[in-house]
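Some notes on the structure that comes next.
The values are calculated or read from the model by the stated rules, or taken from the named source; none is laboratory data. All values reported here derive from a predicted model rather than from experimental measurement. Because the Cβ atoms are built from the backbone with ideal geometry, glycine has one as well, and the counts that use them run over all protein chains shown. Only protein heavy atoms, including side chains, enter the accessible area calculation; ligands, DNA and RNA are left aside. Shrake-Rupley method; radii C 1.70, N 1.55, O 1.52, S 1.80 Å.
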Amino acid sequence: MTDDAHGIGVVGGGRGSSFADGDHHPVDLQMGTLSKAIGGYGGYLAASHSVCELIRTRCRTFIYSTGLPPGAVAASIAALDLIEADPEFAARPLELARAFTRELNLPAAESPIVPVVLGDTAKTMAAAELLEAEGYLVVPIRPPTVPDGTARLRITFSAAHRREDVLGLAQVIRERVNGGGTP
Ligand SMILES: *Cc1c(COP(=O)(O)O)cnc(C)c1O
């Protein structure tokens with residue numbers, strides 16, 4: 001089973017992590033969210049008919065919950081159509097993330113969501129404020145969301161970002177955020 005929350009729509013030309021290296025590696029149960037690259041709401045499980053029937057009839061949190069609003073489903077279908085029609089556009093967030101990790105000598109990004117671990121919570125909050133003042137919206141993630149001592153900036157790249165903005169962000173982190181550039 002894969003939870004492809006960070007893969008669908010952006011990895012493997014948009015087809016998800018089971019296409020990450022170009023080949024297709026079939027996965028029996030593929031689960032993901034429609035709320036990230038798809039830009040909608042809800043989630044999905046792609047599996048055999050019998051597994052889907054089992055979930056539909058036995059998964060308590062699912063069967064006692066109201067179905068998704070049709071408008072939300074239509075928005076996700078429209079997004080999937082766009083991703084399918086333009087794999088280069090879908091690949092762009094990961095390309096920008098890789099340009100960023102190259103600039104900072106971080107391990108090559110595998111998804112468009114790149115953590116820069118600073119460790120100390122106060123330092124991480126201050127770094128996010130500094131970046132916001134410089135025009136970069138970067139979310140700080142701290143315990144208990146992550147283990148103690150691993151507070152981090154979580155940087156999310158999108159197809160709408162310009163390469164010069166990505167390089168500018170890397171430069172601010174390298175020059176003004178203590179601890180940036182070290183994995
Ligand atoms: C965001 C995320 C989810 C949850 O997605 P929602 O649609 O917001 O509930 C599940 N798994 C992983 C790995 C995620 O990153």
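Within region 84-104, how many residues turn out to be open to solvent by 80 Å² or more (accessible area, probe 1.4 Å) and within 16 Å of the chain's Cα centre (by Cα)?
Step one: of region 84-104, the residues open to solvent by 80 Å² or more (accessible area, probe 1.4 Å) are 84-85, 88-89, 95, 98, 102.
Keeping just the survivors that are within 16 Å of the chain's Cα centre (by Cα) gives 89, 95, 98.
Residues in region 84-104 being open to solvent by 80 Å² or more (accessible area, probe 1.4 Å) and within 16 Å of the chain's Cα centre (by Cα): 3 in total.
Quick check on my filter: what residues within region 29-44 are assigned to a strand (DSSP E or B), within 9 Å of the ligand (Cβ to nearest atom) and either closer than 11 Å to Ala79 by Cβ or not polar (S, T, N, Q) (or both)? Talk me through it step by step, then tell me what you get.
Filtering region 29-44 for residues assigned to a strand (DSSP E or B) gives 30-33, 43-44.
Next cut, within 9 Å of the ligand (Cβ to nearest atom) only: 31-33, 43.
Hits for region 29-44 are Met31, Gly32, Gly43.
Here is a list of conditions, (1) within 16 Å of the ligand (Cβ to nearest atom); (2) surrounded by fewer than 18 Cβ atoms within 10 Å (Cβ to Cβ), and Arg56 meets all of them except one; can you say which number that is?
For Arg56, the exception is condition (1).
Looking at (1) at pLDDT below 95; (2) assigned to a strand (DSSP E or B), find the lone condition where Arg154 falls short.
Against the list (1) at pLDDT below 95; (2) assigned to a strand (DSSP E or B), Arg154 comes up short only on (1).
Does at least one position in region 123-132 carry a residue that is open to solvent by 20 Å² or more (accessible area, probe 1.4 Å), aliphatic (A, V, I, L, M) and within 19 Å of the chain's Cα centre (by Cα)? Please lay out each step first, then the result.
Initially, region 123-132 is screened for residues open to solvent by 20 Å² or more (accessible area, probe 1.4 Å), giving 123, 125-126, 129-130, 132.
Then drop every residue that is not aliphatic (A, V, I, L, M), which leaves 125-126, 130.
Remaining after also requiring within 19 Å of the chain's Cα centre (by Cα): none.
Taking every residue of region 123-132 in turn, none turns out to be open to solvent by 20 Å² or more (accessible area, probe 1.4 Å), aliphatic (A, V, I, L, M) and within 19 Å of the chain's Cα centre (by Cα).
Quick check on region 15-24. Is at least one of its residues more than 11 Å from the ligand (Cβ to nearest atom), hydrophobic (A, V, I, L, M, F, W, C) and without any contact (Cβ under 8 Å) to a residue 12 or more places away in the chain?
Yes, there is a match, as at least one residue in region 15-24 is more than 11 Å from the ligand (Cβ to nearest atom), hydrophobic (A, V, I, L, M, F, W, C) and without any contact (Cβ under 8 Å) to a residue 12 or more places away in the chain.
Where the second residue is among the β-branched types (Val, Ile, Thr) and near the ligand (Cβ under 7 Å from one of its atoms) and the first is on the phi < 0 side of the Ramachandran plot and lies in region 33-49, which pairs have Cβ atoms under 7 Å and are six or more apart or on separate chains?
As it stands, the answer is Gly43/Thr33, since those pairs meet every condition given.
If I ask for residues that are in contact with a helix residue (DSSP H, G or I) (Cβ under 7 Å, 6 or more places away or on another chain), open to solvent by 50 Å² or more (accessible area, probe 1.4 Å) and among the β-branched types (Val, Ile, Thr), which ones from region 140-175 would you list?
None - no residue of region 140-175 is in contact with a helix residue (DSSP H, G or I) (Cβ under 7 Å, 6 or more places away or on another chain), open to solvent by 50 Å² or more (accessible area, probe 1.4 Å) and among the β-branched types (Val, Ile, Thr), so the list stays empty.
Output the number of residues of region 105-122 satisfying the condition of being polar (S, T, N, Q) and within 16 Å of the chain's Cα centre (by Cα).
Number satisfying all stated conditions: 1.
Test each condition in (1) outside the structural domain of Ser35 (by TED's automatic domain parsing); (2) free of Cβ contacts under 8 Å to residues at least 12 places away in the same chain; (3) not in a loop (DSSP other than H, G, I, E, B) for Pro93 and report the one that comes out false.
Pro93 satisfies all of (1) outside the structural domain of Ser35 (by TED's automatic domain parsing); (2) free of Cβ contacts under 8 Å to residues at least 12 places away in the same chain; (3) not in a loop (DSSP other than H, G, I, E, B) except (2).
Tell me which residues, restricted to region 142-171, are β-branched (Val, Ile, Thr) and closer than 18 Å to Ala97 by Cα. Steps first, please.
Of region 142-171, the ones β-branched (Val, Ile, Thr) are 145-146, 150, 155-156, 166.
Once the filter is applied, which keeps residues that are β-branched (Val, Ile, Thr) and closer than 18 Å to Ala97 by Cα, region 142-171 yields Ile155, Thr156, Val166.
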